[in-house]
1. Can you list the aspartates and glutamates whose alpha carbon sits under 17 Å from that of Lys62, skipping same-chain ones fewer than 8 residues off?
2. Report, to the nearest 10°, how far helix 46-67 tilts away from the longest principal axis of the Cα atoms in the chain, using its own Cα long axis and a range of 0 to 90°.
3. Got a number for the accessible area of Ser33? Probe 1.4 Å, square angstrom, nearest 10.
4. Largest first and to the nearest Å, give the Cα extent of the range 6-66 along each principal axis.
5. Go ahead and set up a Gaussian network model of the chain, Cα springs under 10 Å, then flag whichever of Ala80, Ala55, Ala93 fluctuates most.
6. Using the Karplus curve 6.51 cos²θ - 1.76 cosθ + 1.60 with θ = phi - 60°, work out ³J(HN,Hα) for each residue of the range 25-38 in order, rounded to whole Hz, and write x for Gly and Pro.
7. Please return the longest stretch of the chain lacking exposed loop sites, where GluC sites (Glu not before Pro) count only if DSSP places them in a loop and at most 11 other Cβ atoms lie within 10 Å.
8. Pull out the extension gain between Asp4 and Thr18, defined as 0.36 nm times the separation in residues minus the alpha carbon to alpha carbon distance; nm, one decimal.
Amino acid sequence: MNFDDWTADAATGTATHTSGFSLRIEGNPRDPSEVYPGKFPEGMSFVNQARLLRAGLEFLAKTSRDNNSYIIPKPELKSAAAREREALAKQFAERPDKPQRSVLSLKKSSS
C-alpha cells in the first residue's frame, strides 16, 4: 500500500487516501486541535492504521503550507434555530422590569 497517495481539500480540512480512508481536522493543520479519522480499510493492522493516519496528517500540513492556508475555522455546531431560542430566552431572563423575589437561604441566622 502506498501511504503517500492522498488528495486534500485545505478549505474543509479533509484528506482522502486512495484506499477510501478519509480524515478531517479542525484548527491549524500543522498542529490540529481536533482530528476526526474515518473508517479504516478492512483488515488493516493497527500499526498500518497509525501509519496511514500520520501520513494523512503530514500531507494536510504540507498541503496547507503550500497553499498558505494555515487556519481552518471550526464549524458552527449550533443551528440557527437553537441560537434564536437562546437569544429569546436570554431576552426574557434579563428583563429590566423583572419582579424582585425574596432569596431563600440555608444559612442559619445568628440571632
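The values are calculated or read from the model by the stated rules, or taken from the named source; none is laboratory data. Please read these numbers as outputs of a predicted model, since none were measured by experiment. Using ideal geometry, Cβ is built from the backbone for each residue, glycine included, and neighbour counts are taken over all protein chains shown. Accessible surface is based on the protein model in full, side chains and every heavy atom, while ligands, DNA and RNA are left aside. Shrake-Rupley method; radii C 1.70, N 1.55, O 1.52, S 1.80 Å.
1. Within the straight-line cut-off, Lys62 pairs with Asp4, Asp5, Asp9, Glu26, Asp31.
2. Tilt relative to the chain: about 80 degrees.
3. Probe radius 1.4 Å; accessible area of Ser33 about 90 Å².
4. Result, largest extent first: 32, 20, 15 Å.
5. Of Ala80, Ala55, Ala93, the most mobile in the Gaussian network model is Ala93.
6. Calculated HN-Hα couplings, in order: 10, 10, x, 6, x, 7, 8, x, 7, 9, 10, 10, x, x Hz.
7. So the longest stretch without any such site is 1-41.
8. 4.1 nm
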